[in-house]
Amino acid sequence: MEVFLIRVLQFILAISLLVLLHEGGHFFFAKLFGVRVEKFYIFFDWKFSLFKFKPKNSDTEYGIGWLPLGGYCKIAGMIDESFDTEQMKQPVQQYEFRAKPAWQRLLVMIGGVLVNFLLALFIYGQILFWWGDTYIPVKDMTLGMKFNQEAKSYGFQDGDILIGTEKHAFKDFSADLYRDISEATRVDIIRDGKPMSINLPGELNLLNMMKADPSFVRPLLPAKVDSIMPGMPAEKIGMKKGDEILALNGAPIDSYNEFIDQLGRRSDMLAVAQTPADSLKARTVTLVIKHNSQLSNRCLQRFVPLGQRTVNCQLSTDTATVVLTPDLKLGFSVQSIAGLYQPITREYGFLESIPAGIKYGFHVLASYVDDLKYVFSAEGAKSLGGFGAIGSLFPPMWDWYMFWKMTAFLSIILAFMNILPIPALDGGHVLFLLYEMITRRKPSENFMIKAEYVGFGILILLMVVANLNDILRALGYM
């Protein structure tokens, strides 16, 4: 419950900040050109609001709504999500949006997107300034990678150390690495200490690579125990730090990755279990364990000729049958990537961080836009996520670095999504304004109202699909 609340709090704080500044962008340009803003709200106040006030001698009511689906800036003389058609029937007033030149109305409409995008670039720059850029170079992951069957069909082998593609060297293990491999015609690797290359088609499906179970490529982690969880099955069968799992139900285990894959197969058995006996069978596994700990009772003491007392550990192998927990946990952890390898940090001065943040922000935007093509596939539609999916991106513990990184990412998404030429979004209004500026013909108010209804319907449909996906994933149907 605590993890849930921390994530909800981070999500609400980030969204509130982004909505406030987005609507503030519209508000700024509206006030700059003398357009009256009637309401300025964070979240929607359908039927009622949580808080509102109107300063003396001000035309604007400020408030906080109860429905956290965004926010709005109600601008006089504009057809928007408020659907205030009665106002549009009145004579045009000089302070209204519709009375202003098209170029001024255009700036009012792009104000929110502009602020969100500039905010993201600013945050990325500040992240680099305060925290630097810390990562583990892929070439330094000397244990190599673990590949799935699709990757092996192209020639990859477990343990290969990834170096780069024909375009550039890999930086760190992230979504960018997957993207580079998906677009590569050649991947350079080191295998058994020798450099070599693997040819690829150059058009692998990035979404399939990342969603595959197991995924296309993962850093190889040894199946060596780093810590034991008290009261769990691993402790009950005497496993200790330093022990290695060599086999599970007769299947060789060459890494922690393979151990997790084997448990995934048990998960499939558990999912179709119909009786308690079936469930018990799925949870019961036989392990071959190599005991490496010099602190174990398998270490034998002896004296050497000079009388010096030493301790020699005879490595022993045991076979143990154990019943896993209902969620198929054995109860141990292995060293993380950060524990296996030494991260490096590139630090940035204040002036250096500005162009570096801008460059990184444009890279994030380009990657996001490039990945949108997968949304129009069946698997891509299933990948759409709503509030639950977005909230889960935040860390389970409060981490200002991750909070600001996620906030910047959401700011870029908000900017891009709002500029799409869909009626009811800023981009829809921009599209009609550009049409007016080019043709010198203004779309009728009746057309604008109908377009707003259509656009609003599209947004509601997308929101329903995205949040329904969240529910289905939570219930285990996706």
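If you scan segment 1-32, which residues turn out to be open to solvent by less than 50 Å² (accessible area, probe 1.4 Å) and acidic (Asp, Glu)?
Of everything in segment 1-32, just one residue is open to solvent by less than 50 Å² (accessible area, probe 1.4 Å) and acidic (Asp, Glu), namely Glu23.
Sort out which residues of segment 139-157 are buried (at least 18 other Cβ atoms within 10 Å of the Cβ) and not polar (S, T, N, Q), and write them in order of number.
Within segment 139-157, Met141, Gly144, Met145, Lys146, Phe147, Ala151, Phe156 qualify.
Here's the yes/no breakdown for (1) touching a helix residue (DSSP H, G or I) at 6+ places or on another chain (Cβ under 6 Å); (2) at pLDDT below 90; (3) among the basic types (Lys, Arg):
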site	(1), (2), (3)
Glu2	no, yes, no
Leu13	no, no, no
Glu23	no, no, no
Val37	yes, no, no
Pro55	no, no, no
Ile64	no, no, no
Leu67	no, yes, no
Ile75	yes, no, no
Asp84	no, yes, no
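Within segment 107-115, identify whether any single residue is in contact with a Lys or Arg (Cβ under 9 Å, 6 or more places away or on another chain), crowded, with 16+ Cβ neighbours inside 10 Å and modelled with pLDDT of 95 or more, and answer yes or no.
Checked against the condition, which is being in contact with a Lys or Arg (Cβ under 9 Å, 6 or more places away or on another chain), crowded, with 16+ Cβ neighbours inside 10 Å and modelled with pLDDT of 95 or more, segment 107-115 yields at least one hit.
Restricting to segment 246-272, what's the tally of residues that are of a type in the set (A, V, I, L, M) and in contact with a helix residue (DSSP H, G or I) (Cβ under 7 Å, 6 or more places away or on another chain)?
5
With the structure loaded, tell me whether Asp213 is surrounded by fewer than 17 Cβ atoms within 10 Å (Cβ to Cβ), within 30 Å of Thr319 (Cα to Cα) and within 22 Å of the chain's Cα centre (by Cα) or whether it fails that test.
When the stated conditions are applied, Asp213 passes them.
Cβ-Cβ below 6 Å, separation at least six or inter-chain, first residue in segment 255-269 and basic (Lys, Arg), second surrounded by fewer than 18 Cβ atoms within 10 Å (Cβ to Cβ): which pairs?
Going by the 6 Å Cβ cut-off, the qualifying pairs are Arg266/Leu328.
Only one of these is in a loop (DSSP other than H, G, I, E, B) and either exposed (fewer than 15 other Cβ atoms within 10 Å of the Cβ) or not basic (Lys, Arg) (or both): Lys240, Lys171, Lys167. Name it.
After ruling out the rest, the residue left standing is Lys167.
Could you grab the pairs with beta carbons closer than 8 Å, sequence gap of 6+ or different chains, first residue in segment 220-231 and in contact (Cβ under 8 Å) with a residue 40 or more places away in the chain, second one open to solvent by 40 Å² or more (accessible area, probe 1.4 Å) and of a type in the set (Asp, Glu)?
Filtered contacts from segment 220-231: Leu220/Asp158; Pro222/Glu244; Ala223/Glu244; Ala223/Asp254; Lys224/Glu244; Val225/Glu244; Ile228/Glu235; Met229/Glu235.
List every residue pair whose Cβ atoms lie under 9 Å apart, where the two residues are 6 or more positions apart in sequence or sit on different chains, the first residue falls within segment 324-351 and is closer than 22 Å to Val138 by Cβ and of a type in the set (Asp, Glu), and the second residue, located anywhere, is open to solvent by less than 40 Å² (accessible area, probe 1.4 Å) and modelled with pLDDT of 95 or more.
If the second residue must be open to solvent by less than 40 Å² (accessible area, probe 1.4 Å) and modelled with pLDDT of 95 or more, the pairs left are Glu347/Leu128; Glu347/Gly132; Glu347/Asp133.
Is it the case that Glu235 is among the charged types (D, E, K, R), touching a Gly at 6+ places or on another chain (Cβ under 8 Å) and either closer than 20 Å to Thr319 by Cβ or touching a residue at least 12 places away in the same chain (Cβ under 8 Å) (or both)?
yes
Among the residues that make up segment 33-44, is at least one of them β-branched (Val, Ile, Thr), more than 29 Å from Leu462 (Cβ to Cβ) and surrounded by 20 or more Cβ atoms within 10 Å (Cβ to Cβ)?
Yes, the conditions are met somewhere in segment 33-44.
Restricting to segment 175-234, count the residues that are assigned to a loop (DSSP other than H, G, I, E, B), in contact with a strand residue (DSSP E or B) (Cβ under 9 Å, 6 or more places away or on another chain), among the aliphatic types (A, V, I, L, M) and closer than 21 Å to Ala366 by Cα.
Count: 1.
State all residues of segment 428-460 that are outside any helix (DSSP H, G or I) and open to solvent by less than 90 Å² (accessible area, probe 1.4 Å); if no residue qualifies, say none.
Passing the criteria: Pro443, Ser444.
Looking only at segment 409-422, how many residues end up being out of contact with any His (no Cβ under 8 Å at 6 or more places or on another chain) and open to solvent by 30 Å² or more (accessible area, probe 1.4 Å)?
8
Would you be able to tell me the number of residues in segment 243-288 that are open to solvent by less than 40 Å² (accessible area, probe 1.4 Å), in a loop (DSSP other than H, G, I, E, B) and at pLDDT 90 or above?
Residues flagged as open to solvent by less than 40 Å² (accessible area, probe 1.4 Å), in a loop (DSSP other than H, G, I, E, B) and at pLDDT 90 or above within segment 243-288 amount to 3.
Restrict the check to segment 82-98 and report whether at least one residue is aromatic (Phe, Trp, Tyr), open to solvent by less than 60 Å² (accessible area, probe 1.4 Å) and part of a strand (DSSP E or B).
No, segment 82-98 contains no residue that is aromatic (Phe, Trp, Tyr), open to solvent by less than 60 Å² (accessible area, probe 1.4 Å) and part of a strand (DSSP E or B).
So which strands (runs of 3 or more DSSP E) are wholly in segment 289-408 and hold at least 3 residues that are at pLDDT 80 or above and either open to solvent by less than 80 Å² (accessible area, probe 1.4 Å) or more than 24 Å from Ser182 (Cβ to Cβ) (or both)?
It comes to 316-323, 344-346.
The values are calculated or read from the model by the stated rules, or taken from the named source; none is laboratory data. Source: prediction; values computed, not measured. Here the Cβ is made from the backbone with ideal geometry for all residues, glycine too, and neighbour counts use every protein chain on show. Heads up: the accessible areas ignore ligands, DNA and RNA and are worked out on the full protein's heavy atoms, side chains in. Shrake-Rupley method; radii C 1.70, N 1.55, O 1.52, S 1.80 Å.
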